[in-house]
Amino acid sequence: MEAILKRFDLVVVGAGIGGGSLVYNLRKQGFTGSILVVDRGDAVATGPTAFSAGGFRNLWTTPINQQLCTKAIGILKGFQDEMGVAIGFHQCGYLVTYYAKSWAKIPQAAEIWAANGVNFELLDPAQIETRIPGLQCGVAHIDPDVCEYLGFEAIVGGVLGQDCGSFDPSQAAVAYFERARNDFAQQLVLQLKTEVQAVTFDVSGRATGLRLKAAHGPEETVAAGIVALCSGPWTNELLQRSGLPEADLMPIISQKRMMFITDFPDQDPRWQAIPLTIIDQGIYFKHESGHLMIGKAKGDAPDSFDTTFEPQYYIEEVNQVMQERIPSTAVCKLKSGWASLYDTTAPDHNAIVGWHENHPGLLLQVGYSGHGAMESPAVGIGLAELVLTGNYQSVDCHPLRWGRFREGDLNVEKIVI
Ligand SMILES: Cc1cc2nc3c(=O)[nH]c(=O)nc-3n(C[C@H](O)[C@H](O)[C@H](O)COP(=O)(O)OP(=O)(O)OC[C@H]3O[C@@H](n4cnc5c(N)ncnc54)[C@H](O)[C@@H]3O)c2cc1C
């Protein structure tokens, strides 16, 4: 039996950092309508937001990512002052290391970085080795067969993003929702433990609301002026269930990503101050509360909702590779870890942001491809501007519109991990 119809001016699917940033910034910019946020989790930020490495960087190859992240870094830096909540903001830097062929392209990239407010320093191999204890930029220490098999080359340089670092996205998400709910007179309802079964559309294709099923309640239909999807890897599944044709879906796949926690390899105090560093085969590591947090994407990760943690992957593939570049890490035994999901936008590895051009009233903030924790604080501001004024005022997110795929106007991001 369907319950009585409720109506909200805005309904949001997803209580992660993206949904939080959207509702807080809407309220802050003066949105006075009623808001309902729905999530199947039993708390705010139980999805990928909770499992993020929390890295932020403005070292990207696409100007839109450079601009969004430069803006976001400023927001994260001032977060505690504005929101009254500490989010573990730590500007430890980001160090991206390069082989010769990619390094040759850096002068060109550097011009674009400078134009988009990216602070960076170029490091030579000796400087890299000073910052990361035990790292050897050359390959003379590696068995030539192993070197060839792994595709290793000498690291000839690195770019250190001085403004980059890491933070706690879950804390930020909680703060966004609490402030949006408590600081403004207008109604914000947070409905957890509730599955969004479908987005409803009228005959013209306009989004009109949601069909919901609470864990212990009846099905209900909620009408809405705007339906905002901040639903991460589950977005297409939801839209398919809602009856959208294939052509109107998102080119998003859901991919497992794992994080591994180990001890430091030795007592060298420099480990406490390492930048988040990216080395061979996209292995990245950072300092995390006296430990190393290590990640490496599985190149062949299928489109799946599987989140089974695989300790063997660390032992057989991540550590095997890492110890060739940093021999001391051979002793880094796995202490813990987890798996969650990337919502990867397959054609260009960038988010899909703004109105769905074929479905008025459907607002998108999805497909973050592994960089949503750092970008959503700026995207939430932009989307609030779009809703309230009809245009982006701060960072122009037009390059991230859904329509770019059918227009063939992709924004291919090359530094993805
Ligand atoms: C291992 C890992 C490491 C990462 N590292 C970084 C990093 O260093 N830096 C960075 O910027 N990003 C990183 N990310 C990506 C980042 O975590 C995400 O881009 C970001 O959290 C997206 O937030 P979101 O609010 O858009 O969505 P999510 O956190 O994905 O939340 C979506 C929410 O929607 C809810 N939902 C979806 N469908 C339904 C439905 N039908 N009914 C009810 N509820 C629904 C889910 O329950 C979920 O809570 C990482 C991700 C992973 C997995």
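The values are calculated or read from the model by the stated rules, or taken from the named source; none is laboratory data. Nothing here was measured: the structure is a model prediction, and the numbers come from that model. Positions of Cβ are generated from backbone atoms using ideal geometry, with glycine treated the same way; all protein chains shown enter the neighbour counts.
Summary table
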read-out: Breaking point among (1) at pLDDT below 95; (2) away from the ligand (no atom under 16 Å from the Cβ), for Gly30; value: (1)
read-out: Restricting region 204-257 to residues that are part of a strand (DSSP E or B) and among the small types (Gly, Ala, Ser), the residue that is farthest from the ligand (Cβ to nearest atom); value: Gly225
read-out: Among the candidates Leu68, Leu22, Leu10, residue that is away from the ligand (no atom under 15 Å from the Cβ), modelled with pLDDT of 95 or more, of a type in the set (A, V, I, L, M, F, W, C) and buried (at least 20 other Cβ atoms within 10 Å of the Cβ); value: Leu10
read-out: Sole exception among (1) charged (D, E, K, R); (2) out of contact with any Gly (no Cβ under 8 Å at 6 or more places or on another chain); (3) in contact (Cβ under 8 Å) with a residue 40 or more places away in the chain for Asp168, by number; value: (2)
read-out: Count - residues of region 258-316 that are assigned to a helix (DSSP H, G or I) and either farther than 15 Å from Val416 by Cα or of a type in the set (Ser, Thr, Tyr) (or both); value: 11
read-out: Filter result for Thr97 (on the phi < 0 side of the Ramachandran plot, crowded, with 19+ Cβ neighbours inside 10 Å, β-branched (Val, Ile, Thr) and modelled with pLDDT under 95); value: no
read-out: The lone exception for Gln365 - which of (1) in contact with a Ser or Thr (Cβ under 9 Å, 6 or more places away or on another chain); (2) part of a loop (DSSP other than H, G, I, E, B); (3) of a type outside the set (Phe, Trp, Tyr) it fails; value: (2)
read-out: Odd one out for Val156 among (1) within 19 Å of Ser376 (Cβ to Cβ); (2) in contact with a Cys (Cβ under 9 Å, 6 or more places away or on another chain); (3) not polar (S, T, N, Q); value: (1)
read-out: Whichever residue in region 39-57 is more than 6 Å from the ligand (Cβ to nearest atom) and of a type in the set (A, V, I, L, M) and, among such residues, is surrounded by the most Cβ atoms within 10 Å (Cβ to Cβ); value: Ala45
read-out: Single condition Lys414 does not satisfy, out of (1) part of a loop (DSSP other than H, G, I, E, B); (2) in contact (Cβ under 8 Å) with a residue 12 or more places away in the chain; (3) in the same structural domain as Ala180 (by TED's automatic domain parsing); (4) away from the ligand (no atom under 13 Å from the Cβ); value: (3)
read-out: Scope region 397-411; condition surrounded by 14 or more Cβ atoms within 10 Å (Cβ to Cβ) and in a loop (DSSP other than H, G, I, E, B); matching residues; value: Cys397, Arg401, Trp402, Gly403, Leu410, Asn411
read-out: Of residues in region 320-347 being more than 24 Å from the chain's Cα centre (by Cα) and of a type in the set (S, T, N, Q), the one farthest from Thr49 (Cα to Cα); value: Ser328
read-out: Exclusive hit being of a type in the set (Phe, Trp, Tyr) and under 30 Å from Met293 (Cα atoms), set Phe201, Phe177, Phe184; value: Phe177
read-out: Some residue of region 342-358 being away from the ligand (no atom under 16 Å from the Cβ), under 28 Å from Arg27 (Cβ atoms), assigned to a strand (DSSP E or B) and among the hydrophobic types (A, V, I, L, M, F, W, C); value: yes
